[in-house]
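Taking it in order: structure first as structure tokens, then the write-up.
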Amino acid sequence: MKIMKGPWAKIKLYLVLVMIPALIISFFVYEKEKETIAAKHKQTASMMLNLHRNKLNYLIGETKARMTSLSIAIDKPIDPKKMQDILDKTFDSEPRFSGLYILNAKGDVTVSTTELNTKVNLADRYFFEKAKESKKTVITDDYASRITGQRIFTICVPVLDADNKVTDYIVAAIQIDYIKNIINMLSPDVYIEIQNQNDKLIFTSGSGQHSQHEKAVSGYLDDINWNIKVYPKPVELEELTKSLLLPLSSIIVLLNILFILVQYILLKRRTQLERAENEAQKLELIGTLAASTAHEIRNPLTGISGFIQLLQKKYKSEEDQLYFSIIEQEIKRINQIVSEFLVLGKPTAEKWELNSLQDIFNEIMPIIYSEGNLYNVEVELTFLTDKPLYVKCTKDHMKQVILNVAKNSLESMQDGGKLSISLGAADQKAIIKVIDNGEGISKEMLEHIFLPFVTSKEKGTGLGLVVCKRIVLMYGGTITIDSELRKGTEVTITLPVTN
């Protein structure tokens, strides 16, 4: 790489590596911090919403309960003079009320806490007809009082006689201004809107400002379909500047440090890429050499095997047959190593079919159980799913992988132990786990465990796991090994499942 010289070149380099990234990062930090502050304001607005909702729900619910209790407790027929005293005392002790009234069955006001100059009939009001029809408490929307002229909403409770007939009505008129004053007192700096059942604005509260772009948090009251909208406080420049001072300074410092480290990181990355490329070339070369050598070895092996079979027929003594069986075992071992060499090379044309992993396990488990008996190892197989798991593969390849991994585990437990094999499924993948409590693998060897000719066995070839990985990768799966010395090893194989 050509090193730039001169002050202008250094300035350009600094702009590219420090200043421009600083501006970009600062922009995102600014937006993130703005969102964080806005989220805090929104959380505060949500708290205020819950506070006001609970307060208003309690006020309306408590008033409703008092009026209902009064309607049940009063004597029938109603004594106007006695009820006048009760309503006057209630009205004087509670500033929430605009007025308290008793209506007869025709809707005439018979008792009132407000002095009436003329006869007043409220039979045309919605709450009267609704309470008369349902015989239940009715809470109205906001409207202008015909008696006081104030903005109110009313709670109308029907009074029932022994025959469950409506004889009178108790009406409590609650001032809208009283509710507004409560909200102003609890949150004077927060802008709040109250909308009625028709989504029309009843009143606003608070001296706080809000933008049309800000989204309010809202909630409805329990007994009346009023919507309380609380607008979060807008993010102010002064508040934002204070919160950005430290992170922006840290960004400048870190970018200058990164400017120094970037060359080291690039150099280290280049070294790793070169090493990976060398290992890939080495593996490819080994695979090509192994495949060509394997084919050359198999040809004479076929001839030797044929002549051994002829000699077995000719020399039938017990001693000769013993020697021939030993030769056959060694030929099979050579042929097994040759097969591993072939897998290291380019994949040959194999017949891929849908195979059930449960069936494959059932076919090879007798071999693993017998091997476990030889090593005094307890073998346990667990199917974690009842659903058949089908994998598109060559059955012999799958058997080779499972047997190879299981054999490695058994050979690591020379003094006995337990081998656990499980088959499960997750996310359209079959998961095979082989867990032992053997000697384990050192951290240094674990890093190179899938490289050719790396083995801890005295008579091992170092090709078994390489072949297993090559087969698993060929079918779109993965194989990982997690191990710790003197604690055991866990091998995890995942394979894509086909429906």
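Its alpha carbons considered, the stretch 186-276 gives a radius of gyration followed by a Dmax of 26.0, 74 Å. Helical content of the chain, expressed as a calculated mean residue ellipticity at 222 nm, amounts to -17500 deg cm²/dmol (DSSP H runs of 4 or more residues, -39,500 (n - 2.57) each, divided by residue number, nearest 500).
Spacing of the modelled spin labels on E296 and T480, each 7 Å from Cα toward Cβ, amounts to 4.1 nm. Taking 10 °C and 1.306 mPa s as conditions, the stretch 395-499 diffuses translationally at an estimated 112 µm²/s according to Stokes-Einstein applied to its Kirkwood radius (Cα pairs).
Rounded to the nearest whole Å², what accessible area per residue is found for the stretch 53-97 with the 1.4 Å probe? Don't skip to the end; give the middle numbers.
Numbers: 2680 Å² over 45 residues.
Each residue of the stretch 53-97 exposes 59 Å² on average to a 1.4 Å probe.
Atom-type composition of the exposed protein surface of the stretch 112-214 places 43 percent of the accessible area on carbon and sulfur (1.4 angstrom probe). On the beta carbon distance between F28 and R269, with R0 = 25 Å, the FRET formula returns roughly 0.50. Taking the C-alpha atoms only, the angle from helix 80-93 to the longest principal axis of the chain is near 60 degrees.
Less than 5 angstrom separates the built amide H of I202 from those of I194, Q195, N196, all sequence-distant by 5 or more or on a different chain. Give me the number: length gained by fully extending D92 to T118, i.e. 0.36 nm times residue separation minus the C-alpha to C-alpha distance, one decimal in nm. So the chain would gain 7.1 nm between D92 and T118. Relative to the longest principal axis of the Cα atoms of the chain, the long axis of helix 237-314 makes an angle of roughly 30 degrees.
Please state the equivalent ellipsoid semi-axes for the stretch 149-221: what are the square roots of 5 times the Cα gyration tensor eigenvalues, largest first, in whole Å? It would help to have the intermediate numbers written out before the result.
Values: eigenvalues 251, 38, 20 Å².
Equivalent-ellipsoid dimensions as semi-axes: 35, 14, 10 Å.
Work out, in µm²/s and without decimals, the Stokes-Einstein translational diffusion coefficient of the chain at 20 °C, 1.002 mPa s, Rh from Kirkwood over C-alpha pairs. This corresponds to a translational diffusion coefficient of 65 µm²/s.
Pull out the extension gain between D359 and Q150, defined as 0.36 nm times the separation in residues minus the alpha carbon to alpha carbon distance; nm, one decimal.
66.8 nm
For K132, the accessible surface of its heavy atoms amounts to roughly 110 Å² (probe 1.4 Å, protein chains only, rounded to the nearest 10).
At 1.4 Å probe radius, can you tell me the per residue accessible area of the stretch 362-446 in Å²?
On the way: 4530 Å² over 85 residues.
Each residue of the stretch 362-446 exposes 53 Å² on average to a 1.4 Å probe.
Angle of helix 176-186 to the longest C-alpha principal axis of the chain, folded into 0 to 90 degrees and rounded to 10: 50°.
The values are calculated or read from the model by the stated rules, or taken from the named source; none is laboratory data. Everything numeric here is computed off the predicted structure, so don't read it as measured data. Neighbour counts are summed over all protein chains in view; Cβ atoms, including those assigned to glycine, are modelled from backbone coordinates with ideal geometry. These area figures cover heavy atoms from the full protein model, side chains too; ligands, DNA and RNA do not enter into them. Shrake-Rupley method; radii C 1.70, N 1.55, O 1.52, S 1.80 Å.
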